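S.K.: Would you mind keeping the following structure in view while I ask a few things?
The values are calculated or read from the model by the stated rules, or taken from the named source; none is laboratory data. All values reported here derive from a predicted model rather than from experimental measurement. Please note: Cβ atoms are built from the backbone with ideal geometry, for glycine as well, and neighbour counts cover all protein chains shown. When the accessible area is computed, the model is the full protein with side chains, heavy atoms only, and any ligands, DNA or RNA have been set aside. Shrake-Rupley method; radii C 1.70, N 1.55, O 1.52, S 1.80 Å.
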Amino acid sequence: MTLTQALKKHIKNTKRFGDLAAAAGVVETARRFPVHNPSTGELLAELPDMQASDVALAIDRADAARERWAGLTARERSDILWRWHQLIVDHIDDLAAILTCEMGKPLAEAKSEISHAAAYVRWYAEEANRIYGETIPAPSTDRRLLVIKQPVGVVGAITPWNFPASMVARKIAPALAAGCTIVLKPAQQTPLVAGAMFGLARMAGFPEGVLNLIYASDGDAVGKELCSNPKVRKISFTGSTEVGRLLMRQSSDQIKRISFELGGNAPFIVFDDADIDAAVDGAIQAKFRNGGQTCVSANRIYVQAGVYHLFSERFAERVRRLQVGDGFKPDNAIGPLIDSHALAKIEAHVDDAVKKGATVRCGGRRIGAKGTFFEPTVITNVVGSMRIAQEETFGPLAPIIRFEDPEQVIRKANDTIYGLAAYFYASNLKRVWRVAEALEYGMVGINTGRMSSEAAPFGGIKQSGIGREGSRHGLEDYLEMKYLCMGGL
Ligand code: NAP
């Protein structure tokens, strides 16, 4: 069975794909854009290519649905979110197969991502019922002061290709729980799983106009419409810092509210007192999950002199055993890079490092003349002037940097415009607290290589973003605070 047949079979199991997309507000257009499988290059689908005028109509629909949706009780909104959660769980195999087809990640990772997406929906189905206001002791006896929380309104959302299901859930679920309506554009390389999730949402019972999906190949045009249309009150974006800057500028004319999850350049620090086997496990997870294509991927691995050789040996040994290939083959731990640009970037990072004196301990080359597979790679003798030490690689390349002085490594770790995630391994309690507090990042993993959870606030500081997704804080990003002052009592 070809992958295209597999995809069609899985989609048929849920509902006809056309119906799913149409149910989510996708309109037919004469122009279409292709979606390919990055493992094989196979054409998976040709989707309607919506234009700015179609986006404006979707915004109108979202605006028309806004009052009714916000007017439901919290319990009514929560019940529909629960039904959506259950449908995602029921269709996990289909959704994971679609995700692996269009994005390439191993099927087991795709299933884990769908579970993670479902967990966000469940979390916000629960949180929908806990949107509390506040009473404030008044300065005089004839007044009462209160704060109520109300939905922001229509939300324009844009998501990336690296987690095409969980990024959608992480935005939509809190927005819907808060009482907002949504217009969402997924990445053009991975729109199919978003279409399937929107279709399931309509089956769950979200009313017409509450959720609107945009299929489009011109992200710039969609972004401009979302940012300039006065009916859109908030922009929620996950993607590169470069596009984030652009959207921030475009939103500034109307002072729209924004939530941005942007790029990272995560340090991963192993101190002399670390449990080395645990640090190797953590580094494998933090570096090679999703083939290194995550915003929280360990990008710079700093190892203290006393354990540098031991860590490098054990880590390279584990990396050599990671198998790369088609995500549908169960032994493969790493899929393809998303496209040829990603491949060219990782090759350029390796070339630059080698020219400047680094040593390739394993990997270092693309696999096969065709396709976008790259060997899991470990490079040692890395110094700060190399591109890999400064830029987000977004691929399966692990640079190891030796350090002596614990104070100096913190300065180096913080010496970046980014501030999303950082990791470190240490056992001395005093060091653990000092390092955790000194790292200028929105999230710090201490003796763990994985920290994302629907229960915790995910997000960055500096040029890695604004706002948080997940936890009760993620809901606040979709709520306005209104102060009521009642006088004459
Ligand atoms: P990207 O190029 O910024 O694209 C992300 C989304 O923005 C896609 O839907 C894209 O559409 C759209 N887009 C592109 N140009 C646009 C424009 N001018 N106006 C409006 N929208 C536009 O990022 P990417 O390469 O797909 O994703 C990788 C980046 O995302 C990395 O930097 C990574 O660190 C970051 N990321 C951050 C988080 C986080 O939570 N902080 C999570 C995941 C990823 P098209 O697909 O049509 O180009």
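S.K.: From the list GLY291, GLY282, which one is at positive phi and in a helix (DSSP H, G or I)?
M.R.: None of the other options fit; the residue is GLY291.
S.K.: Then there's this: Sort out which residues of the range 443-467 are among the charged types (D, E, K, R) and in contact (Cβ under 8 Å) with a residue 60 or more places away in the chain, and write them in order of number.
M.R.: ARG450, GLU454
S.K.: Moving to a separate point now. Of the residues PRO267, PRO336, only one is within 16 Å of the ligand (Cβ to nearest atom), in a strand (DSSP E or B) and not small (Gly, Ala, Ser); which?
M.R.: None of the others qualify; the one that does is PRO267.
S.K.: Which ranges mark the strands (runs of 3 or more DSSP E) fully within the range 179-241 that have 2 or more residues being more than 20 Å from the chain's Cα centre (by Cα)?
M.R.: 232-238
S.K.: If ASP477 satisfies every condition in (1) away from the ligand (no atom under 16 Å from the Cβ); (2) touching a strand residue (DSSP E or B) at 6+ places or on another chain (Cβ under 8 Å); (3) open to solvent by less than 60 Å² (accessible area, probe 1.4 Å) but one, which is the exception?
M.R.: ASP477 satisfies all of (1) away from the ligand (no atom under 16 Å from the Cβ); (2) touching a strand residue (DSSP E or B) at 6+ places or on another chain (Cβ under 8 Å); (3) open to solvent by less than 60 Å² (accessible area, probe 1.4 Å) except (1).
S.K.: Then there's this: Please go through the range 196-209 and pick out each residue that is closer than 23 Å to VAL232 by Cβ, crowded, with 24+ Cβ neighbours inside 10 Å and among the small types (Gly, Ala, Ser).
M.R.: ALA201
S.K.: Any residue at all in the range 144-154 that's out of contact with any helix residue (DSSP H, G or I) (no Cβ under 8 Å at 6 or more places or on another chain), assigned to a helix (DSSP H, G or I) and charged (D, E, K, R)?
M.R.: Looking for residues that are out of contact with any helix residue (DSSP H, G or I) (no Cβ under 8 Å at 6 or more places or on another chain), assigned to a helix (DSSP H, G or I) and charged (D, E, K, R), one finds none in the range 144-154, hence no.
S.K.: Condition test on ALA173, is it away from the ligand (no atom under 14 Å from the Cβ), assigned to a helix (DSSP H, G or I) and either under 10 Å from the mean Cα position of the chain (by Cα) or within 22 Å of VAL222 (Cβ to Cβ) (or both)?
M.R.: yes
S.K.: Looking at VAL296, VAL319, VAL307, VAL360 in this structure, which one is assigned to a loop (DSSP other than H, G, I, E, B) and within 24 Å of ASP277 (Cα to Cα)?
M.R.: The conditions single out VAL296.
S.K.: Among the residues of the range 231-264 satisfying the criterion of being among the small types (Gly, Ala, Ser) and more than 18 Å from ALA421 (Cα to Cα), which is surrounded by the most Cβ atoms within 10 Å (Cβ to Cβ)?
M.R.: SER236
S.K.: Which numbered condition trips up ALA157, out of (1) more than 16 Å from the ligand (Cβ to nearest atom); (2) within 18 Å of THR238 (Cβ to Cβ)?
M.R.: (1)
S.K.: Same structure again: Going through the range 417-440 one residue at a time, which ones are open to solvent by less than 20 Å² (accessible area, probe 1.4 Å) and more than 12 Å from PHE271 (Cβ to Cβ)?
M.R.: Answer for the range 417-440, where residues must be open to solvent by less than 20 Å² (accessible area, probe 1.4 Å) and more than 12 Å from PHE271 (Cβ to Cβ): GLY419, LEU420, ALA421, ALA422, LEU439.
S.K.: What pairs can you find where one residue is in the range 182-195 and aliphatic (A, V, I, L, M), the other is open to solvent by 10 Å² or more (accessible area, probe 1.4 Å), and their Cβ atoms are less than 6 Å apart, with a gap of 6+ or different chains?
M.R.: From the range 182-195, the pairs are ALA187/PRO160; ALA187/TRP161.
S.K.: Against the condition more than 8 Å from the ligand (Cβ to nearest atom), on the phi < 0 side of the Ramachandran plot and assigned to a loop (DSSP other than H, G, I, E, B), how does GLN254 come out, does it pass?
M.R.: Here the answer is yes, as GLN254 does meet what is asked.
S.K.: Just one of PRO336, PRO267 is closer than 25 Å to VAL444 by Cα and buried (at least 23 other Cβ atoms within 10 Å of the Cβ); which is it?
M.R.: PRO267
S.K.: Exactly one of these conditions fails for THR73: (1) β-branched (Val, Ile, Thr); (2) without any contact (Cβ under 8 Å) to a residue 60 or more places away in the chain; (3) closer than 30 Å to LYS329 by Cα. Give me its number.
M.R.: If we test THR73 against (1) β-branched (Val, Ile, Thr); (2) without any contact (Cβ under 8 Å) to a residue 60 or more places away in the chain; (3) closer than 30 Å to LYS329 by Cα, just (3) comes out false.
S.K.: Same structure, new question: Conditions first: (1) within 16 Å of the ligand (Cβ to nearest atom); (2) open to solvent by 20 Å² or more (accessible area, probe 1.4 Å). ILE182 passes all but one, so which condition is the exception?
M.R.: Here ILE182 clears every test but (2).
S.K.: Condition (residue is open to solvent by 80 Å² or more (accessible area, probe 1.4 Å), more than 18 Å from LYS287 (Cβ to Cβ) and in contact (Cβ under 8 Å) with a residue 12 or more places away in the chain) applied to the range 390-397: is it met by at least one residue?
M.R.: No; the residues of the range 390-397 include none that is open to solvent by 80 Å² or more (accessible area, probe 1.4 Å), more than 18 Å from LYS287 (Cβ to Cβ) and in contact (Cβ under 8 Å) with a residue 12 or more places away in the chain.
S.K.: In the range 85-141, how many residues are more than 17 Å from PRO330 (Cβ to Cβ) and not in a helix (DSSP H, G or I)?
M.R.: Adding up the residues that qualify gives 12.
S.K.: Now for a separate question. I'm told SER236 meets every condition in (1) within 8 Å of the ligand (Cβ to nearest atom); (2) under 19 Å from MET167 (Cβ atoms) except one. Can you identify the failing condition by its number?
M.R.: For SER236, the failing item is (1).
S.K.: When the range 453-476 is examined, which residues are found to be within 16 Å of LEU176 (Cβ to Cβ), over 16 Å from the mean Cα position of the chain (by Cα) and among the charged types (D, E, K, R)?
M.R.: If the condition is that a residue be within 16 Å of LEU176 (Cβ to Cβ), over 16 Å from the mean Cα position of the chain (by Cα) and among the charged types (D, E, K, R), then ARG472, GLU476 are the ones that fit.
S.K.: Here is a further query. Among the residues in the range 298-305, are any farther than 28 Å from LYS105 by Cβ and either of a type in the set (Asp, Glu) or open to solvent by 60 Å² or more (accessible area, probe 1.4 Å) (or both)?
M.R.: no
S.K.: Quick one: would you say GLY291 is over 25 Å from CYS101 (Cβ atoms), in contact (Cβ under 8 Å) with a residue 40 or more places away in the chain, within 14 Å of the ligand (Cβ to nearest atom) and buried (at least 24 other Cβ atoms within 10 Å of the Cβ)?
M.R.: Here the answer is no, as GLY291 does not meet what is asked.
S.K.: Let me confirm something: among PHE198, PHE206, PHE163, which residue is touching a helix residue (DSSP H, G or I) at 6+ places or on another chain (Cβ under 8 Å), within 11 Å of the ligand (Cβ to nearest atom) and under 24 Å from GLU113 (Cβ atoms)?
M.R.: When all the criteria are applied, what remains is PHE163.
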